[in-house]
1. Pop the C-beta distance of Asp222 and Leu261 into the FRET formula with R0 = 22 Å and round what comes out to the nearest 0.05.
2. Where the centroid of each part is defined by its Cα atoms, how far is the range 118-185 from the range 206-249 in Å?
3. What do you get when you divide the Cα radius of gyration of the range 13-87 by 2.2 N^0.38 Å, with N the number of residues?
4. By per-residue mean of other Cβ atoms within 10 Å, what is the highest-first order of 160-168, 203-211?
5. Efficiency by 1/(1 + (r/R0)^6): what FRET value for Leu124 and Glu199, r their Cβ-Cβ distance, R0 = 41 Å, to the nearest 0.05?
6. May I ask you to work out the translational diffusion coefficient for the range 45-197 at 25 °C, viscosity 0.890 mPa s, via Stokes-Einstein with Rh from the Kirkwood sum over Cα pairs, reported in whole µm²/s?
7. Could you give the semi-axes, largest first, of the ellipsoid that matches the range 208-297, computed as the square roots of 5 times the alpha carbon gyration tensor eigenvalues and rounded to whole Å?
8. Just tell me, in residue order, which DSSP H segments of the chain are both 24 angstrom or longer along the helix axis (alpha-carbon based) and at least -1.0 in mean Kyte-Doolittle hydropathy.
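Throughout, read-outs are computed from the coordinates displayed, never taken from laboratory work. Note that the coordinates shown come from a computational prediction; the quantities given were computed from them, not determined experimentally. Don't worry about glycine lacking a Cβ; one is built from the backbone with ideal geometry, like all the others, and counts go over all protein chains shown.
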Amino acid sequence: MSGSGRSGAAGDAGDAAGALLVVGDVVTDVVARHRGPLAAGTDTAAVIRTVPGGAGANVACWAAYEGCADVRLLGRVGGDAAAWHERELAASGVRPLLVTDPEAPTGTVICLVDTGASAERTFLTDSGASLRLAPDDWSPALLDGVARLHLSGYLLFSGPSRALVSAALESARARGVPVSLDPASTGFLTRLGVGRFLELAEGVDVLLPSRDEACLLTGLPDPADAAAKLSRHFPSVVVKQGGAGALVARSGAVRARVPALPATPRDTTGAGDAFTGAFLAALLAGAGSEEAATAGCAAGAKAVERVGGRPPSGSRRRGEGGEGEGGEGETRVR
C-alpha cells in the first residue's frame, strides 16, 4: 500500500496511488437564503432548498470532483433518506458505505444564509444518526487499498463515534496509513473542551482547522501564531482562512501563506469542506502541502459561488465520467 507513513513532514510527500477513505457525517441540508436580519415573530422572505450535505460527505464529494479516482465514505443515516443519499454520493463519484440506523433519522442541518456581501451562514444542527456511528461500524478491512484516512471532527462530539475514532486511528497506525482531521465546529469544540480534543486527536498527521478553530484550540488571537503552535502537536497543520487564504505550518513555524482566489460569494456553506477535499485529492496525486493548499483555496472559491456544500454532481474537474469506481455503493443495516 502506498502512503507517506507518519514522518514529521506528513503531507509533504503525497501519495501517488490508493484510495481516500472518509469517515464522517452525512446529513440533509435545508438551505434558507435570506437578506438582512431575520424578522423575529413574523415572516422573513427566503429562497429555500433541500440538498445533501454533511462535512464528511462534502469532503468526499469534493475529493472525487478534484480527481481522486477512488473515494469511499463511511457514514450513518436513517432509513428515511438512505437511498437518496446513496444515489447522490454515487453520482458524485463516491463509493458510499452507509450504515442505516434502525432507530434514528438522518441528521438535518438548517443553514440560514444571509445573501449580503459576505454570504455568512448560521447552522441549526440535529445530528440524528450521523453521530451514532460506533465501533461495530468499523472494521480494519475498510482500510484495504486505502492510502489516506480522513476523519470529520464531528465524530468527536458523541461517545459512540469517539470510540469509533479510536478504533480507526489504531487500525491506521497499524497499517501506516496517514490520518487527517478537521475539527469541524467551534461551538462543539467549546463544549468538548480543548484539552479533550487534543487528547482524542493524538496520532493525527494532518490537522485542518478553520482560523477560528485554530485560535480556539491554542488560545492565541493570531491565526499564524495558532498554526505554528498547533504544528508542535501535529506533524502538519493547514489553517483555512476563507478570503484570507490558508496557512501551512510544520515543526512550530508557518512554512507557507497561500492566497485565496477571488470569488463572489452566494453561500459559504461547505467552503472549508471543499478546501479539505481538494487538498487531500492533491496530496494523493503527489502534491506537497503548499501545492495542495493552493488547490484547496481554488476549490473553496468555487464552493462559495454555489448554493449548498457539494460540487456539481455527475462530473469531475479532472476525472473521466461521473460515477467513478464503486458507483452503485452499498448500504449496510445495523
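1. 0.40
2. Between the Cα centres of the range 118-185 and the range 206-249 lies a distance of 20 Å.
3. Computed over Cα atoms of the range 13-87, the ratio equals 1.50.
4. Going by the mean number of other Cβ atoms within 10 Å, highest first, we get 203-211, 160-168.
5. After rounding, the FRET efficiency stands at 0.90.
6. Working: Rh = 16.6 Å.
The calculation lands on 148 µm²/s.
7. Semi-axis lengths for the range 208-297 are 20, 16, 10 Å.
8. On the way: long enough: 159-175 (25 Å, -0.04).
Answer set is 159-175.
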